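Values in this text are rule-based calculations from the coordinates and carry no lab data. Because the structure is a prediction, the values reported are computed rather than measured. So basically every Cβ, Gly included, is an ideal-geometry build from the backbone, and we count neighbours across all protein chains shown.
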Amino acid sequence: MRRLGKTNIDVTEIGLGGIPLQRLNVDEVKEVIEEMIKYKANVIDTARGYTVSEELIGKAIKGKRHLFYLFTKSPARTFGGMKKDVVLSLKHLQTDYIDLYQFHNVKNIEEYNQIMSDKGAYHALLAAQKKGKIRHIGLTTHNLDLLAEIIDDYPFDTLQFPYNIVETQAENIFKKAKQNDIGIIVMKPLAGGAIDNPQSALKFILNNANVSVVIPGMESPDQVKNNMAVINEFISVRDVNEMTRIRALLSDNFCRRCGYCMPCSAGIDIPTCFTFEGYYTRYGLKEWAESRYLSLDKHASDCIECHLCESRCPYSLKIADKMKYVETIFKL
């Protein structure tokens, strides 16, 4: 068990990430939940944006709500939008309260300022908290610069950020967050499915004492069993070799979604294109990823190969070539 910062919640080191649940049926989700119960794993993290994930979880934990801390999140930035989403989350999760409600994927300081404004979503969550509908408030983001700007005056209880063998850029932020008693929730422990050794990947994350809980997406009892098996295990020589192999394999071919490549000359949201490609090819969420990709204003096919993004990328990725690959995946 680890303490989730100032929430004073004691959470198991590994929880359930709800992204892949949306491609299961209720009975399959119930099997995953039952396996979680065997290991006394007590965290479930989902989101309004994960289509039917909240509803499936709500049905699967009926009668077992007291065994779990429920985390969810909303992309709403306005008071009215967030108020509506809290009501929907409570309904779909079939609960009277949600333990942690998070602002989902805050991209930049402009979005953050909108959330914190007089008519912003933060005040809707404060109102819901006052009524007992939610207990704690958190934020999720992929933007390290945003965190660096707000971490010294961070008004929320938790922070959710990607962290894994190849994405270690937030380690100093995690240290500062721990000093400020902010609970750290790790998403993307397998780098969006790019890491093929979940056991070594989870050991690496749990070796960081600043992390409160890691939430790999799990869609079968076997995945739960295999992931939970690493708790209390030491990092072995074999794990170290695996970590070295994974870093070498992905270092020059993996988008960390840091955003330094932006703005794109053609107006493409480059990191988001790569994110949806990952959901399509590695998570198997083809319809979900395709619908969101198609909703973007600009697509990979709009790349003009100016290569300015590549000159800005701190990891020297061949972004123009990767854009061509994304274009073949979605075939626009």
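Values for this structure:
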{"item": "All positions within segment 148-172 that are in contact with a Leu (Cβ under 9 Å, 6 or more places away or on another chain), surrounded by fewer than 21 Cβ atoms within 10 Å (Cβ to Cβ) and not in a loop (DSSP other than H, G, I, E, B)", "result": "150, 151"}
{"item": "Condition check for residue 292: touching a His at 6+ places or on another chain (Cβ under 7 Å) and crowded, with 16+ Cβ neighbours inside 10 Å", "result": "no"}
{"item": "Every residue from segment 8-23 that is over 19 Å from the mean Cα position of the chain (by Cα) and either assigned to a loop (DSSP other than H, G, I, E, B) or among the β-branched types (Val, Ile, Thr) (or both)", "result": "8, 9"}
{"item": "Segment 173-199 - residue that is closer than 19 Å to residue 251 by Cα and in contact with a Lys or Arg (Cβ under 8 Å, 6 or more places away or on another chain) and, of those, surrounded by the fewest Cβ atoms within 10 Å (Cβ to Cβ)", "result": "193"}
{"item": "Unmet requirement for residue 116, which otherwise passes all of (1) out of contact with any Lys or Arg (no Cβ under 8 Å at 6 or more places or on another chain); (2) of a type in the set (A, V, I, L, M, F, W, C); (3) farther than 17 Å from residue 80 by Cα", "result": "(3)"}
{"item": "Positions within segment 60-82 being more than 17 Å from the chain's Cα centre (by Cα), buried (at least 17 other Cβ atoms within 10 Å of the Cβ) and either within 17 Å of residue 47 (Cβ to Cβ) or among the hydroxyl-bearing types (Ser, Thr, Tyr) (or both), in sequence order", "result": "60, 61, 68, 77, 82"}
{"item": "Inter-residue pairs, beta-carbon under 6 Å, first closer than 20 Å to residue 72 by Cβ and in segment 17-44, second surrounded by 24 or more Cβ atoms within 10 Å (Cβ to Cβ) and among the polar types (S, T, N, Q), 6+ apart", "result": "18/46; 18/53; 21/53; 22/53"}
